[in-house]
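Visitor: One structure, pasted below without further comment.
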Amino acid sequence: MSRIKKRGLDYFPLDIDFLQNRLVRRIMKREGDGALATLVSAFSCIYGGEGYYVLTDAFFYEDISANLYHQTAEDVKRILTLAAEYGIFDVTLFRECGVLTSAGIQRQYLFSTKRRKSSAIDNRFNLITDEQEDDDAGKQEEAAGLFPETSGSETEVSAALPEVSTTLPESAMGTSQNVTLIPENVASGTHSIAQNSTAKHSTAKHSTAEHRIPPPQ
């Protein structure tokens, strides 16, 4: 028996300034602090179910209210309707199809499931245009271009590098042959130079002694 592939996500990100969001604060001001739990529960149903949308009906509102202490099914429906009108969810899809989703939710779903073989958005609920997809792909490629991956065999890598010539020109080769020294010759030549220097020093000393004026008696 094959395993059923999961469509939803195991977790979803939540901005740290979610409570400071102007739209969220307006809803909480009208519906109380319990509206925050309702919104988080709705996001959990969206990301954990289909991954990027959820169909709302009477059972859906009852399921959310069953996990809350002070909100009834009518309270949940009113809060989510207000969230759609404020723009947290797409108001057109909510009114016409009873679907809770948004362009941001869909982009997050595609980003989180980019390693899956299939993570397409249903055309009926797709809110991401081709221009937005190209823009997002361009940003990802630009970020990846900062640290390009080196792949391929060593032959391919070496082929991409410029060739450096290791041969010397004829003039340099001739010079190198003339300059080549044999260690024995170097040692003997150095020894001869030292001997000549010593001999010259002795001759100069002897000549100085001969020309020295004797002291008066």
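The values are calculated or read from the model by the stated rules, or taken from the named source; none is laboratory data. This structure is a prediction, so every number in the text was calculated from the model and none was measured. Every residue, glycine among them, receives a Cβ derived from its backbone with ideal geometry; neighbour counts consider all protein chains shown. Protein only, heavy atoms only, side chains kept; ligands, DNA and RNA dropped before computing areas. Shrake-Rupley method; radii C 1.70, N 1.55, O 1.52, S 1.80 Å.
Visitor: Convert each backbone phi in region 93-100 into a coupling constant with the Karplus relation 6.51 cos²θ - 1.76 cosθ + 1.60 (shift: θ = phi - 60°), then list the ³J(HN,Hα) values in order as whole Hz, x for Gly and Pro.
Guide: 3J(HN,Hα) across region 93-100, in whole Hz: 5, 5, 6, 8, 10, x, 10, 9.
Visitor: In addition: By how many nm would the segment from residue 25 to residue 117 grow when fully extended, if each residue of separation counts as 0.36 nm and the alpha-carbon distance is taken off?
Guide: Contour length minus the Cα-Cα distance gives 29.3 nm.
Visitor: Moving on to the next point. Would you work out the charge dipole size for region 13-63 about its Cα centre, treating the Cβ of every Lys and Arg as +1 and the Cβ of every Asp and Glu as -1, and quote it to the nearest 20 debye?
Guide: 400
Visitor: Per the Kirkwood definition applied to all pairs of different Cα atoms, how many angstroms is the hydrodynamic radius of region 1-88?
Guide: One over the average 1/r among Cα pairs gives 13.8 Å for region 1-88.
Visitor: Turning to a different aspect of this structure: Taking amide H atoms as placed 1.01 Å from N in the peptide plane, list the residues 5 or more away in sequence, or in a different chain, whose amide H sits under 5 Å from that of residue 116.
Guide: Long-range HN contacts for residue 116: none found.
Visitor: Between 71, 108, 88, whose Cα lies farthest towards the positive end of the dipole of region 70-129 when Lys and Arg beta carbons carry +1 and Asp and Glu beta carbons carry -1, centred on the Cα centre?
Guide: Sorting the options by dipole projection puts first 108.
Visitor: Tell me, what ³J(HN,Hα) does each residue in region 85-90 have, in order and in whole Hz, if you take phi through Karplus 6.51 cos²θ - 1.76 cosθ + 1.60 with θ = phi - 60° and put x for Gly and Pro?
Guide: 5, 7, x, 5, 10, 6
Visitor: For a label point 7 Å from the Cα of residue 6 along Cα→C-beta, name the residues of region 105-131 whose backbone N is under 19 Å from it.
Guide: Answer for this model: 106, 108-120.
Visitor: Using DSSP to define loop residues, name the chymotrypsin sites (Phe, Trp or Tyr not before Pro) in region 1-109 whose beta-carbon has at most 11 other beta-carbon atoms within 10 Å.
Guide: Answer by residue number: 11, 69.
Visitor: Ok, one more. Let me spell out the model: positive unit charges on the Cβ of Lys and Arg, negative unit charges on the Cβ of Asp and Glu, origin at the Cα centre of region 1-128. What dipole size does that give, in debye rounded to 20?
Guide: 660
Visitor: Apply the Karplus curve 6.51 cos²θ - 1.76 cosθ + 1.60, θ = phi - 60°, to the phi angles in region 113-126 and return the couplings in whole Hz, x for Gly and Pro.
Guide: Residue by residue, region 113-126 yields 10, 5, 8, 7, 5, 9, 8, 7, 8, 4, 4, 5, 10, 5 Hz.
Visitor: Rolling a 1.4 Å sphere over the protein heavy atoms, what is the accessible area per residue of region 1-136, to the nearest Å²?
Guide: With the other protein chains kept in place, region 1-136 gives 66 Å² per residue.
Visitor: Now, a different point. Given 0.36 nm per residue, what is the gain on full extension from residue 69 to residue 17 after removing their alpha carbon distance, in nm?
Guide: Taking 0.36 nm per residue and subtracting the Cα distance, the gain is 16.2 nm.
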